[in-house]
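Single-structure report; data block below.
Just so you know, all these numbers are worked out from the coordinates, no wet-lab data involved. Predicted model, so just to flag it, every value in this text is computed and none were measured. Note that we place each Cβ from the backbone using ideal geometry, even for glycine, and neighbour counts take in every protein chain shown.
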Amino acid sequence: MSEPNLPEELLHDILQRVLTEPEDIFCGFPQNSTPRWKMISRSRTRTPASDALLVSKRWLRVGSPILYRNICLWKPKHTTAVAAVLKVQPALRNAVRCLRIEGGMGEDLPEVAALATNIRTVYFCPNIPPSEDCSGLNKTFSLLNPTNFYVYFDQLNGGVRAYEVLLPSAEFAIRNYWTHLNVVVIGNGNGMSSRFIDALSKASSLRTLSLSSFWSINMLEPLAWNPHLRQIYYSGSLDKELMQRLLEELDRTGRFASLFKYYKPTGFS
């Protein structure tokens, strides 16, 4: 069958396989605190999958919403450009499901959140340069109500600003706006604030928590007291036997026995 004769449903399925990544891969935590955009830029020797949209106008029309399903923002100019595109193309803004925020947190970020009303997953890494504008973050979080939240925080690399300014923005959103928050995935967790942990321990919609670093172990006890939490997954570098001993030391009530699941680490993105 020649390309012009391909049914649009089949073309959509083909482009979806080419252009999209599963959420757990797109929201994968970085190796050695390397942002996703840097990893992408290092792989530019291969042809971008988005080049498939250059085949024809039909491919561009069918494939563009698929391409915009997952958006990664990393610098102000990129956020400005994405906001401009979403403003004039309703089909694209309705397609966005996952927003990965690694930068570009200035005045244009709230516009992206306001336009892309179907966002269900948010990835947040507050380890940005001290000079970068983050004035749009609080408003952005107030406009979102994700089901899934991935947060990667490393105090050793993020510095005082990330700890005292950016992480509290997420904590405030969890307490006051994110009523649909069902799954939280924490990467690293080194220096995660007690207020952030407390917000999660009181989140009535939270059902599943996933930890991927031994830094997060100290969070287990307060989080386990959330009566709505049904499962805690751990897939970090500590082996199962060592994790079991640590849990036995923490588990004074027996609650961890019903909550905790260990998975072998699969590596980071």
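General observations
- Projecting label points 7 angstrom from Cα along Cα→Cβ for residue 132 and residue 263 puts them 2.7 nm apart.
- Packing around the peptides 200-209, 91-100, taken as the average count of other Cβ atoms within 10 Å per residue, puts them in this order, highest first: 91-100, 200-209.
- The local environment of residue 177, defined by Cβ-Cβ distances under 13 Å, has a net charge of +1 under the rule Lys, Arg +1 and Asp, Glu -1.
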